[in-house]
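What follows draws every value from the coordinates through simple rules; no lab data is involved. Keep in mind that what you see is a predicted model, and the values were worked out from it rather than measured. We place every Cβ from the backbone using ideal geometry, glycine too, and count neighbours over all the protein chains shown.
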Amino acid sequence: MFDKKDRTVLVKEGVEISYILNTEARKRPPSGSLTEPFSLSVAESVRRFHQSFPQYDPTPLVTLTNLARHLKVANIWIKDESYRFGLNAFKVLGASYAIARVIGGKLGISEDNLSFDIFNSALTRERPTGTTFVTATDGNHGRAVAWAAQKLGVNAVVYMPQGSSRARFEAIKQYGAQTEIIKGNYDDAVHWAAEQAQKNDWILVQDTAWEGYEEIPTRIIQGYLTLFHEALEQLGGKIPTP
């Protein structure tokens, strides 16, 4: 709970806006240590990996001219991720990169040398055989994990919460993943996936982080850098307002 004294009021064009400053932010490490995993060089490396897939194409950057005019701003752009690898969602960028980084680590392949061609070679595909990645999802992330696992030659197990639609279930299963709807909500599915990973010596590839489980979620977020790298290229040097 916050008291009135915690609030700051800004009046702009006759509209009163109140907000609360996050004083805890000042206690965080220097920004350089936070942004390093998401630097331009990392983004370039991640995008090279995604470009190595035969299905890769940059998704369109669409200008919303009328909305920008209505809101009285110079421009508004959106990335249309409905074209991404035929999966209609950006989540595959994160799942594919995270899984590739884990396999690459097992095979001694550095992040700068990750490519679909390496993973698709007969010799490479034999070595991680039996490796299983597990996750919980209510849709797009699970489908992304299943797709990436199939493309990179490993196994996938996907747990979904009770009430998940049959269409989403089938959309995941079509990529060869062992798919199961559990009793419980999404959080229950995440806990179950983590337990099964530990029990069966599987690798949890979850897009949710918690204390002690940060590395793979970081890889997933790094995978999304391809989206931003494409957008900056498509903007032709224009830098949008942060």
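Using alpha carbons only, how many angstrom separate the centre of region 194-242 from the centre of region 132-160? The two parts, judged by their Cα centres, are 15 Å apart. When each of the peptides 149-159, 178-188, 46-56 is scored by the mean number of other C-beta atoms lying within 10 Å of its residues, the order from highest to lowest reads 149-159, 46-56, 178-188.
Translational diffusion coefficient of region 91-226 (Stokes-Einstein, Kirkwood radius from Cα pairs, 20 °C, 1.002 mPa s): 145 µm²/s.
In this label model, residue 83 and residue 215 are separated by 3.6 nm, measuring between points 7 Å along each Cα→Cβ vector. Pairs over the 25 Å Cα-Cα cut-off, from the set 79/183; 79/238; 106/199; 151/183; 91/151: 79/183; 151/183.
Extension gain, residue 57 to residue 41, is 3.7 nm, computed as 0.36 nm per intervening residue step minus the present C-alpha separation.
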